[in-house]
Amino acid sequence: MNCYDCAQEGRTVPATAVCRHCGAAVCTEHAHVTADLVYRMVGMGPSVRPLAARRITCTTCYDAEHSGNPTTTTVPRPRRHLTDLTGGRR
């Protein structure tokens, strides 16, 4: 499989990863690797795992994630319980 972004530029470069959002194949030049905290529900609330997880995105998805207000797009947010979202009702 070849890199999608390189193909758009008229080049043929083998892909080394797949974007986690859109599924496009990307080479090392077009892959954006970030680390995200992993939240796991334990007991009464979320618990942050000690190691961050690797996340690979293409240039388009990376730019889309980081567009707008940088304080809201780069800080990971913990997942909430279904009861927290519905006010205690299911």
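The values are calculated or read from the model by the stated rules, or taken from the named source; none is laboratory data. Note that the structure is a prediction, hence the values are computed from the model and not measured. Cβ placement follows ideal geometry from the backbone for every residue including glycine, while neighbour counts extend to all protein chains displayed.
Annotations
- Residue 38 modelled with pLDDT under 80 and under 30 Å from residue 3 (Cα atoms): no
- Residue in region 37-54 that is assigned to a loop (DSSP other than H, G, I, E, B), within 17 Å of the chain's Cα centre (by Cα), surrounded by fewer than 13 Cβ atoms within 10 Å (Cβ to Cβ) and not β-branched (Val, Ile, Thr) present: yes
- Meets criteria (within 17 Å of residue 22 (Cβ to Cβ), at pLDDT 75 or above, of a type in the set (Asp, Glu) and out of contact with any Asp or Glu (no Cβ under 9 Å at 6 or more places or on another chain)) for residue 63: yes
- Filter result (surrounded by 13 or more Cβ atoms within 10 Å (Cβ to Cβ) and in contact with a Pro (Cβ under 9 Å, 6 or more places away or on another chain)) within region 26-36: 27
- Within region 1-20, being hydroxyl-bearing (Ser, Thr, Tyr) and either within 21 Å of residue 34 (Cα to Cα) or at pLDDT below 95 (or both) holds for 4, 16.
- Taken as a whole, region 8-20 holds at least one residue that is within 20 Å of the chain's Cα centre (by Cα), among the basic types (Lys, Arg) and within 20 Å of residue 64 (Cα to Cα).
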